[in-house]
Every structure is written in C-alpha cells, then in structure tokens.
Amino acid sequence: MATLKRLLHGLETFNTYMLAAGRSIAWVLVLLMVSCILVQVFFRYVLNDALPWPEEAARAFMIWMMGLVAGSGYRWGSFVAIDLVNDYLPSLIGRILKLLLLILAMVVLMQLFVLAIEFFQRGFRTRAASFHLPRAWIYLAMPVCFGSMLMVNIELVLREFGRVFGNPDDFPDPVKPELNTSAE
Amino acid sequence: ADYKLRAVANSNENDEDYDGLVVFKDFVESRSNGKVEVELFIGTQLCANGTECLQAVEDGSVDIYISTAGGAANMYPYVQVLDLPYVLSDDRIAETVLSGDFTREMRKAILKDSDDKIRLMTIGNTGGWRNFANTKRVVKTPADMKGLKIRTVVADLPQELVKALGASPTPIPWPELFTSFQTGVVEGSKNGITDIMGMKFPEAGLKNVTLDGHAYMSALWYMSNENFLKMDEETRKVIVDGFDALQQATFASPKRKSIKAYADFKKAGGNLYVPTPADKAAFKAAAQPVYTWFKKSVKDGEKWYALLSSEAAKAEKEVAAAHAADIN
Amino acid sequence: MLIFFLVIFLVLLLLGMPVFFAMLTGPGIMLYVEGMERDIPLLFRNIYNGIDSFPLMAIPFFMLAGELMNQGGITMRLVTFAQSLIGHVRGGLAHVNILSSMLFAGLSGSAVADTSALGSMLIPAMEKNGYSRKFAAAITAASSVIGPIIPPSGIMIIYAYTMEISVAALFAAGVIPGILVGLGLMGMTSILAKKHNFPPAGPKFTLREKGLATRKAILPLLTPVIILGGILSGVFTPTEASAIAVAYALFLSLFILRSVKVTDLPAIFTRSAISSSVVLLLVGAAIAFKSVVSLSHAAEFMADWTLSLSDNALILLFLINILLFIVGMFLDAGPAIIILGPILAPIFIQLGIDPVHFATIMSVNLTVGLATPPMGLVLFVASSVSGEKVQTIARAILPFLFVEIIVIFMITFIPAISMTIPRLLGLA
Ligand code: NA
Ligand code: NA
C-alpha cells in the first residue's frame, strides 16, 4: 500500500504540472480562435476581401485547445456519467465496479493513443487546404489529448485500487485548481 | 460472397455518383456470379469529405470512394489540373481524354504518393460543367464579374480563378450557402445546374447563370489498392469492367438530369446567358494567371498541364476525324 | 451480430461509465468480436473528423460569451430587470427565475450555463424568501432548458451540423417555442403560487427604479439582437456571430460595465476551454458511434420498423416524441441528436414534415430531456448548485415537466409555432 501511495503521489504531481501547462497554453488558443474569426469578418465585411485561412487556422487552434485541456476535464469529473447504480450498491461493490470501468476506459484510451500516434505520423502526407503546413502538426493534438487523458486515467485507477484494497481515506481526491475569479 | 466491397459517395441518391454506383453494383455482382458484393454508403455515414474518406481508403476501412478534384487537392494537389478552366472544350472531348491514358498516368502518380494504398480506377463526371452564377446581374464578360463575392470551396485553384476574374472568393459552408445568398454574405457561386436546382438557390435570388462551362466536373473514383490486388485476376477484370460501366453511366446521367434542371431554372425566373465565342475567349484570356499559378505552385504542375493539353489536342483530332467520317 | 454494440453501450452507460467512453467501448468491443478490425481506425478517425468542424466552433464561443456575461454584473442586471417587470406578483421570485432564463437564453446557448449562473444567485434568494430549496432548484432546472431553445443554441448548432441544414433557420424556429415554454412554466407557477401562497419578491418597482433597471440591462440585452440581427441580415455566419458575441461580451465587461478585470480573463477562458473540450469530445465520439450505427445497418432497420408501425405522419410524430423523451432520459442531447437525427429526420421529411419543423421538435424534446432523471445534466448542476439531492429535485420538477411535455406536443402538431418566423424571414 505504501508503494502504491508513493506511486500515486508521484503521478499526481506529474499530472498536476502537465495539466497546468496544457491549460496555460489552451486559454491563449481560445483567444487566437476568436481573433482569427474576427479578422475573417473584418476582411470580408469591411474590406470586402475574404481571406481563405482564418477558418482553417481557427479550427486547428480549437483542436489543440481541446487536446490540451481534455485531461483537466477528465480529472475534474466533467465527463458525465449516470451514477444511479452506484447509489444503490454497497460501497465496496460500487468501488470495485468503478475500478473495472476505469480499467476498461484505460484500455480504450491506450488504443486511442496508439491510433492517434499513427494518425499523426501519416499526417505528413496531407497539407492544410489554406496554408502550407502538413496536417500532422494539427493531428499531433490527438496523441496529446489521449495521452494526457491516459495519464489521468492511470492516476484514477491507482486511486480507486487503493480505495478498494486499502483505507479509502488514505486516497483522497486531488485538490482542484482555483479557476475562480474575483466576482463582484 | 468472397469479397465484400464498401463503396462511399458523400452525395445523395439524386446524384450522378449514385447512378454510377447502382450500375457498378449491379454489374459487378451479376458478372462475378455473386463472388463480389457491393455495399453502398451514400452521404456522410462513414466519412464526410475528401481528406477523411481518402484516409479511410488508405486504412482499408472503405474500399471504393469518389471525390471531385477539389476534394482530393489536399492529398494530391496535381489532380486540380482537371479543374483548370477552359482546357477541355466539350463533353465529347472530355470523355475521350478521361477514357484514355491520362487516367492511367494519374493512377500511377496517386499510387506512388499514397504508398501504393490508393488506386484511381476511373474518372467520370458528377454534375456536368461548372458555370458562374450570381444574384446580382447578367455576367457576359469577365468585366461583369468584377467585385462579386463568389463562394468557393477552400482550395487554391478555384480561389485563384475567382481572383483572376476580378471577383472576391468567399469560403462559405455548403449548408449555409442558401441563407448567405439571401442575406448577401455572398453574391455568386460556381456550380453545376443540378446542384443549383437541388439546393433551390434561385429561391434565394441566384437567378443569373452564365454558361461559360469553365470546368468539367470530374469525378475521381478510387479503390483500396490492397483490397483490389487481394482479388484473383478474373475478379479484378470484372471490377475494372464495372468501373468502365460506371464511367459511362456518370457520363450520361448529368446530361439527362440537366434537362429538367435547366427547365426548372427558367421556370423559376432564371436568366441563362450563353457566351459568344468572343466572350468565351475573353474569359479564357482573363483566366491566364491560373495556369501560371498552377504550373508554378503545384508539384509537377508543368508536367500535368502539358499532359492534359496534349491529351485534349489528341482527342480533338480524333473527334475531328470521326466527324469527317460521320458527317458525309 | 454487430448490432449488439447498442446493448453493450447501454449496459456500460447504466453501470456508470462516462458517456464518452461508453460510446467508444460498445462499438469497439463488437468490432473486435466480429473480426472487423479494419474499422477500428475508422472509429478513431471519426472522433477527429467530428471535432474538426467550423460550425461546431460556435459552441466554445457561445460558451465563452455566456461565461463572460455571467462573470459579475451582467446576470445580476438581467435578474434585476426581470424583477422590475414581474417581481411584485404572487410567486414573484419564481417568475423572475423563469423570465431571467428567457432573457439569459438570448445570450447563452447552454442550459448548464443557465442553471449554474442563475441557480447560484436565485436559489439562495428564493430560499430566503420562503420557498423550499427543492422547489427553487426545480424551477431553476426546469426553466434553464429554455436556454438552448431560444437562440443561440448549442444543441441546434449540433443538429444543423449533423443534418446539414441552416443554423440560421433553426435559430429562427426556436424563438416562439422558447417563449412558449417560458409562458407555460409561468402559468404553472401561478397555479402553484396560489395553492401554496408563495410570496411576492418585493414591492412594485417605481417608474424610476424600473427605468434604472432597464438602463442597466439594456446593453447585455442587445447581445441577442446583435447575434440574430447579424446572422439574419447577412453580416456574418453563425460561427462568426458567436465570435462577435465574445467580442461584444469582452467589450461590455472590460470597458463599459467594468465587471471583469483583464487578469480574470485567463481563468474565464480556461474554464470555457475545459467545458467546451468535453462537449467537443462527446460530439466526436458520437460521430464515431454513428458510423458503426451505419455499418450495422441499424438505421435502415429502425426506419423500416418505424414505418411498419404506421405511415401516418401524425401518429408517428406522437410515437417518436415518446421515443425521444425516453432517449433523453438516458442520453445527453448532443449525442442523441447526432445518433438519431440521421435516422429519424429522413423518415419524416419523406412523410412531408418540413426539415426545420422536425429539427425543432427533436431539439426541444431532447433539450427537455436535460431536466429529466436519471441522466439530466441540468439536474446534476442544479443539485450541485443547491446542495439538494438529484432525486429530490427530480420529484419537485414533475409539474413543470408536465408543462414542457404539453409544449412539445403543441410544437409537434402546430407547425406554425416553429415555422412562422423562419417563413417570414424566407429561411424555410
Ligand atoms: Na439560447
Ligand atoms: Na435527461
């Protein structure tokens, strides 16, 4: 159990930094997305000269934005699920069920990660339609997305494992980062 | 069946592509004595555009797929040679060229660029010819195009063409196009008549069509090379003949369909302008920058332009000889 | 039997697997079992293909615009404005809750945003005013479904994207149904208010107070005018309109109302990035799932089966509404539309129902599903905002659901409700 705790702690720390890094880039990408589209409107409507690239560029930023924060969304429970059955099961059985589902999700993520790497590698043969960049550099967001979700999933599996076979209180949820703002 | 083939066309059951597939399916299934089965997936059920579907053919998830030249431009930029304006003069010339060695040359190039994964089987037609259409005025010469906001897909060649004619290329998603005509976000497009009528664009004000016929709407039919070569030779022959029958069907279908489309267009109050030879020459002259662009910016552009031109010249000669024999 | 993927999917979903994973695991397992490994890459690619879309980009943008508007000040102003209009009647705050949702709906495309923004403010206020917490949470959840019915609407963007119809037409079609849901809920509130003798929110606003409240709310209330006006007058496409909405919200909150500081922006942008990335992944997984629905020919099977029940459009519409309602109980509106839209819409279009009319029926029905147990996203949010259990809120919401079901049937059988505005604008 002590080894597990240490392992989990290491992974938690790693994930915390990894996800924070992703978030700190993602918000800039949102800003870039908005800017691209505003430029598009301005050029077409005001200058009467439509640009071909803003749409595709904004789409690329959106894919990367998603890839960089999907792990955060997964870690903080934004992926909705029906909790109904779990409410009616004894807590240990509920935990075991949760563990099994997490392991299944982990298998899915591993498969997605492998496919995403292939997808990225083959992307060098296609280029973006409106600017000169191999699509691989857009596709790279997918291994990043599923890779980071996989890291989070392993963390969730370890934690649930500890809760099933050890003392649940020893394996608390990680602290959620403050994304609050100074509201009025 | 020994071989189950999955065929995808991103259009709908009213489209020429579907007509071609129906012919292909029937031909192949009957001539192979049930050895081959063809399953049709029409629309965007498995994949939604050229890039997506060609990747699926590479993966082997899709066996047969049809794209326009624009649809394959991201993957194989030189196929846009087929979109070069005013190179193929009419249906008969285009059909002669596409039934010949040009298609075989392009097959070689695509096989090479796809790591032997994608095999071009044949090139047919999907929707006749592209013409300029707009909501504002009757366009008789290139000068009338000046300043019009013309919807194009996001691909280099059509944008270059629109720019060369002094108009402004504007990318708008196809489903938003009706509303965009109505509201004036765009003022024109370059489409075949069947698409124009299929989307009821005249109701949104798209009432002026100039029959400049700037591009033959080529339809490139691909097959997964691996799955093709897996078959025994006898079956491969059936497949090849099936694609030939498909090509003939797609050559014929738009001609039949456009009759009603043009009639409906006139009934809806549309103006059709048929450019005089002089007008057409003016369009061709104005489009010159597109050739320069293609030869310079597209890989092997020079070669493909030369090949298509020489094949077109050859076809013109053949057809002229046929005329000489047939007229008298 | 490939079609068993539907069973695996449902079992995993009910056992508590997140929707995203259940939508991939069910098809994935069956493709392996059936020896169709060549379709596993297709499944993956379609996740990406589903997300890489321009129309879909409106979703993160409208979410961000909503977040910005909600951040300090703006929601408050809308609530005060609503209160100045109807706060003084019996059951005042309950009415204010509904009216605020209708106003907020013009700024936001999501019921979840509506619930969390208005719920965190109004549920405590209603409790203080003497309402039970479960009632306050229930009315918040029930009225929040107006958010995606009155444009802008994330659900309608998804519908238009999957079915390739015009977002503008669908937006226009949602206006009257949204107002109708609001009026219906207010009617039910009046009945309940009389029965339980709910208090008014406060004295009637004086004319001066009313003017002040209006003046403070006028700029935020211009957002829907800019969005819809811009789309319908041809200045921009819906996705562009969503970016304009972000720009306008930024301008308002940074410079005019000064309710947001520049240093707050990274956190706001990050929050909307996270919530939209979850939605995008869900859309991607649903597109992947849909491709396996096609491979298994489940769609044809279902279409044949539907038409074998009856070929009377009105009877089928009745049945389909029941089906959609049940689906909505278990599945989020976005995935439900992506999976069922392409199956159901062609059947009804063939039977003579206008595509925009059917789109409205489906969108409204599945939106109401957001407030039904067990898988009601809005109920989860109302529960976390109020601290009341989901089951408790689910019981308290029943009278309001009843009203919403009646509205669904009105929209279904009176096409004019949804079609009048699109027709007047020439969009349908
Ligand atoms: Na809304
Ligand atoms: Na629900």
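The values are calculated or read from the model by the stated rules, or taken from the named source; none is laboratory data. Keep in mind the model is a prediction, meaning the values are calculated, not measured. Neighbour counts are summed over all protein chains in view; Cβ atoms, including those assigned to glycine, are modelled from backbone coordinates with ideal geometry. These accessible areas exclude ligands, DNA and RNA; they are computed on the full protein's heavy atoms, side chains included. Shrake-Rupley method; radii C 1.70, N 1.55, O 1.52, S 1.80 Å.
So how far apart, in nm, are the two label points at B:His323 and A:Ser91 if each is 7 Å from Cα heading toward Cβ?
It is 9.1 nm.
Under a point spin-label approximation (7 Å from Cα along Cα-to-Cβ), what is the B:Asp2-A:Asp173 distance to one decimal in nm?
Computed distance between label sites B:Asp2 and A:Asp173 equals 6.0 nm.
Among B:Phe283, B:Phe243, B:Tyr305, which residue has its Cα furthest toward the positive end of the charge dipole of segment B:230-326, with +1 on Lys/Arg Cβ and -1 on Asp/Glu Cβ?
Towards the positive end, the residue furthest out is B:Phe283.
Please give the FRET efficiency for A:Met1 paired with C:Ser310, using the beta carbon to beta carbon distance and R0 = 45 Å, rounded to the nearest 0.05. It would help to have the intermediate numbers written out before the result.
Values: r = 62 Å, r/R0 = 1.38.
For A:Met1 and C:Ser310, the calculated efficiency is 0.15.
Just how far, in whole angstrom, is segment C:139-153 from segment C:374-404 if you go by their alpha carbon centroids?
Centre-to-centre distance over Cα atoms comes out at 14 Å.
Would you calculate a helix-derived [θ] at 222 nm for the protein assembly as shown, using -39,500 (n - 2.57) for each DSSP H run of n ≥ 4 and dividing by the full residue count, to the nearest 500? Before the final figure, lay out each step's value.
Working: 39 runs with 607 residues, N = 940.
Here the helix-only value at 222 nm equals -21500 deg cm²/dmol.
Please give, to one decimal in nm, the separation of the simple spin-label points placed at C:Lys128 and A:Phe131, each 7 Å out from Cα toward the Cβ.
Placing both labels 7 Å along Cα→Cβ, they lie 5.0 nm apart.
Can you work out ³J(HN,Hα) from phi for every residue in segment C:355-365, in order, using Karplus 6.51 cos²θ - 1.76 cosθ + 1.60 and θ = phi - 60°, giving whole Hz and x for Gly and Pro?
Ordered by residue, 3J(HN,Hα) equals x, 5, 4, 5, 4, 5, 4, 5, 5, 5, 4 Hz.
Among A:111-118, B:315-322, what's the highest-first ranking by average C-beta atoms within 10 angstrom per residue?
Values: A:111-118: 18.6, B:315-322: 14.2.
Result, highest mean Cβ count within 10 Å first: A:111-118, B:315-322.
About its Cα centre, what dipole magnitude does the protein assembly as shown give when the only charges are +1 on Lys and Arg Cβ and -1 on Asp and Glu Cβ, stated in debye to the nearest 20?
On the way: 76 positive and 77 negative charges, 600 e Å.
Charge dipole of the protein assembly as shown: 2880 debye, to the nearest 20.
Can you pull the mean other chain C-beta count within 10 Å for peptide A:61-73?
Numbers: counts 1, 13, 5, 0, 9, 11, 4, 3, 9, 7, 2, 5, 10.
Mean shielding count: 6.
So, with +1 on the Cβ of K and R and -1 on the Cβ of D and E, and no other charges, what is the size of the charge dipole of segment C:54-424 about its Cα centre, to the nearest 20 debye?
Values: 19 positive and 14 negative charges, 328 e Å.
Charge dipole of segment C:54-424: 1580 debye, to the nearest 20.
Would you mind giving the total buried accessible surface between chains C and A, with a 1.4 Å probe and ligands, DNA and RNA left out, rounded to the nearest 100 Å²? Working shown, then result.
Working: alone 17720 and 12070 Å², together 24300 Å².
Its buried surface, counting both partners, is about 5500 Å².
Return the tail of the calculated pair distribution for segment A:2-170, meaning the percent of Cα-Cα pairs more than 20 Å apart. Don't jump to the answer; show the numbers that get you there.
Details: 8877 of 14196 pairs.
Looking at segment A:2-170, the distances longer than 20 Å represent 63 percent of pairs.
How large is the translational diffusion coefficient of the protein assembly as shown in µm² per second when you combine the Kirkwood radius over alpha carbon pairs with Stokes-Einstein at 10 °C and 1.306 mPa s?
54 µm²/s
Determine the relative contact order of segment C:1-90: mean sequence separation of Cα pairs under 8 Å and six or more apart, normalised by residue count, in whole percent. Write down the numbers at each step before the final one.
Numbers: 32 pairs, mean separation 17.8, N = 90.
Dividing the mean separation by the residue count of segment C:1-90 yields 20 percent.
Distance check, please: which entries in B:Lys267/B:Lys317; B:Lys25/B:Lys299; C:Lys134/C:Lys261; A:Lys98/C:Lys261; B:Lys260/B:Lys284 exceed 31 angstrom between their Cα atoms?
Details: B:Lys267/B:Lys317 39 Å; B:Lys25/B:Lys299 35 Å; C:Lys134/C:Lys261 35 Å; A:Lys98/C:Lys261 41 Å; B:Lys260/B:Lys284 29 Å.
Over 31 Å Cα-Cα: B:Lys267/B:Lys317; B:Lys25/B:Lys299; C:Lys134/C:Lys261; A:Lys98/C:Lys261.
So if we plug the beta-carbon distance of A:Val107 and C:Phe301 into 1/(1 + (r/R0)^6) with R0 = 22 Å, what FRET efficiency do we get, rounded to 0.05?
Details: r = 29 Å, r/R0 = 1.33.
The value I calculate is 0.15.
Picking from C:Ala172, C:Ala201, C:Gly66, whose Cα lies most toward the positive end of the charge dipole for the protein assembly as shown (charges on Cβ: Lys, Arg +1; Asp, Glu -1)?
C:Ala201
Using the Karplus equation 6.51 cos²θ - 1.76 cosθ + 1.60 (θ = phi - 60°), what ³J(HN,Hα) coupling, rounded to whole Hz, does each residue of segment C:2-13 give in order, writing x for Gly and Pro?
Per-residue couplings from phi come out as 4, 5, 4, 4, 5, 5, 4, 4, 5, 4, 4, 4 Hz.
Set the Förster radius R0 to 56 Å, insert the Cβ-Cβ distance between A:Phe165 and B:Glu39 as r into 1/(1 + (r/R0)^6), and round the FRET efficiency to 0.05.
Numbers: r = 49 Å, r/R0 = 0.87.
Calculated value: 0.70.
Report for the protein assembly as shown the percent antiparallel among DSSP-assigned beta bridges with both residues inside it, nearest 5.
The answer is about 55 percent antiparallel.
Count the lysine pairs in segment B:46-201 whose Cα atoms sit under 28 Å apart, keeping only pairs 8 or more residues apart in sequence or on different chains.
Lysine pair count for segment B:46-201: 19.
I'd like the antiparallel share, as a percent to the nearest 5, of DSSP beta bridges with both residues in chain B. If you can, show how the numbers build up before the last one.
Working: 20 of 38 bridges.
The antiparallel fraction comes to roughly 55 percent.
Please work out the C-alpha center-to-center distance from segment A:120-135 to segment B:1-35 and express it in whole Å.
Here the two parts' Cα centres lie 31 Å apart.
Find the relative contact order for segment C:54-424 and round it to a whole percent, using C-alpha pairs within less than 8 Å whose residues are 6+ positions apart. List each step's numbers first, then the result.
On the way: 584 pairs, mean separation 97.3, N = 371.
Contact order relative to length: 26 percent.
Which one of C:Gly341, B:Pro171, C:Thr25 is farthest out on the positive end of the charge dipole of the protein assembly as shown, using unit charges on Cβ (Lys, Arg +1; Asp, Glu -1) and the Cα centre as origin?
Highest projection toward the positive end goes to B:Pro171.
Under 5 Å between amide H atoms, partner at least 5 residues away or on a different chain: which partners does B:Ala219 have, H built in plane at 1.01 Å?
HN-HN under 5 Å from B:Ala219: B:Gly124, B:Asn125, B:Thr126.
Between 0 and 90 degrees, rounded to the nearest ten: what's the tilt of helix A:2-41 against the longest Cα principal axis of chain A?
The angle comes out at about 20 degrees.
Give, in whole angstrom and from largest to smallest, the semi-axes √(5λ) of the equivalent ellipsoid of segment C:1-49, with λ running over the eigenvalues of the Cα gyration tensor.
Numbers: eigenvalues 65, 41, 8 Å².
Listed largest to smallest, the semi-axes of segment C:1-49 are 18, 14, 6 Å.
In Å and on Cα atoms, what radius of gyration and Dmax does chain C show?
Here Rg and the maximum Cα pair distance are 21.4, 74 Å.
Given the C-alpha centroids of segment C:169-186 and segment C:68-110, what is the distance between them in whole angstrom?
16 Å
Mind checking the per residue accessible area of the protein assembly as shown for me, 1.4 Å probe, whole number of Å²?
38 Å²
Can you work out ³J(HN,Hα) from phi for every residue in segment C:236-243, in order, using Karplus 6.51 cos²θ - 1.76 cosθ + 1.60 and θ = phi - 60°, giving whole Hz and x for Gly and Pro?
Rounded to whole hertz, the list is 8, 7, x, 5, 5, 4, 5, 5.
Test of understanding: extend the Cα→C-beta vector of B:Asn271 to 7 Å, then name every residue of segment B:155-191 with backbone N under 14 Å from that spot.
Residues passing the 14 Å test: none.
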